[in-house]
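Input: a single structure, listed below in structure tokens.
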Amino acid sequence: MSRSAAAIREMYDALLSRFGPQHWWPGQTPAEIMIGAILTQNTNWRNVERAIANLRARGLLDLARLHETPVDVLAELIRPAGYYNIKARRLMNLVDHICSRYDCDLDAFFGKSLHALREELLSITGIGPETADSIALYAAGKPTFVVDAYTARILRRHFLIDETADYEQIKELFESALPADVPLYNEYHALLVACGKDYCRPRALCENCPLNPFDHDGSIR
DNA sequence: TGCCAGGCCGGGT
DNA sequence: ACCCGGCATGGC
């Protein structure tokens, strides 16, 4: 048993005690969650909420409706989320995939193994590992751990991974330390984001980090 | 006022 | 197999 695996389990309890349940993902339907997962790429969630509100007001939190929308119209609607041209294209890539191959039926799209779904998502241009895992976990309800920039930074600063650890290695650390449980993966990722927003920014940190005694040295990495 | 935000792609080496 | 510039708005 690695020291990191034990720390991963202890850290969950520490985060839950400090921050409480996060009730993620902040979106009501699988379609809305998928859309949010693309819109939030390297973007503040507050800006994403504006974009989603625009889509909701037009009834476009719906794959079939979205599929009929011109990509330049979509781009204007999601403008507040930033990178709006490229994100409009990425959204349409996903919607085109689901509507052309699964008749816009999300249950049909999700009705396969986690591995198969993950690979299929990754084959779509604009969906990388974090977005694929967010969709698989929060929209499809499959047990895959989501790794984001906060997760990597928090683990680095607590010496639980080395500098060069990549996405798959970090994901594997969590999944080998924890049971494959959807509510647990859901809550853990959300707690890491909550902690990261408050304490583990790129250069403002980390004095009141609640993860002591996991022994970070306050250095900026 | 810069710095930052729940990444990912494509071209160059 | 890496490395890096580009993508863009809005809040603090």
So which residues in the stretch A:95-141 are among the acidic types (Asp, Glu) and either near DNA strand B (Cβ under 9 Å from one of its atoms) or assigned to a helix (DSSP H, G or I) (or both), if there are any at all? A:ASP96, A:ASP107, A:GLU119, A:GLU120, A:GLU130, A:ASP133
Inside the stretch A:149-170, the number of residues satisfying the requirement of being surrounded by fewer than 18 Cβ atoms within 10 Å (Cβ to Cβ) and charged (D, E, K, R) is 4
Of the conditions (1) within 15 Å of DNA strand B (Cβ to nearest atom); (2) aromatic (Phe, Trp, Tyr); (3) assigned to a helix (DSSP H, G or I), A:PHE174 fails just one. Which one is it? (1)
Selected residue [surrounded by 15 or more Cβ atoms within 10 Å (Cβ to Cβ), out of contact with any Cys (no Cβ under 9 Å at 6 or more places or on another chain) and farther than 25 Å from A:TYR102 by Cα] from A:ASN47, A:ASN42: A:ASN47
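Conditions (1) more than 13 Å from DNA strand C (Cβ to nearest atom); (2) modelled with pLDDT of 95 or more; (3) touching a strand residue (DSSP E or B) at 6+ places or on another chain (Cβ under 9 Å); (4) aliphatic (A, V, I, L, M), marked per residue:
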{"residue": "A:PRO70", "(1), (2), (3), (4)": "yes, yes, no, no"}
{"residue": "A:ARG79", "(1), (2), (3), (4)": "no, yes, no, no"}
{"residue": "A:TYR84", "(1), (2), (3), (4)": "no, yes, no, no"}
{"residue": "A:ARG90", "(1), (2), (3), (4)": "no, yes, no, no"}
{"residue": "A:LEU94", "(1), (2), (3), (4)": "yes, yes, no, yes"}
{"residue": "A:SER100", "(1), (2), (3), (4)": "yes, yes, no, no"}
If a residue must be away from DNA strand B (no atom under 14 Å from the Cβ) and in contact (Cβ under 8 Å) with a residue 24 or more places away in the chain, how many such residues does the stretch A:30-55 contain? 2
How many residues does the stretch A:5-29 hold that are among the polar types (S, T, N, Q), under 16 Å from A:LEU192 (Cα atoms) and away from DNA strand B (no atom under 11 Å from the Cβ)? 1
Please count how many residues of the stretch A:35-85 are within 19 Å of the chain's Cα centre (by Cα), closer than 18 Å to A:SER134 by Cβ and assigned to a helix (DSSP H, G or I). 13
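The values are calculated or read from the model by the stated rules, or taken from the named source; none is laboratory data. Owing to the predicted nature of the structure, the values given are computational and were not obtained by experimental measurement. FYI the Cβ positions are ideal-geometry reconstructions off the backbone, even for glycines, and counts take in every protein chain you see.
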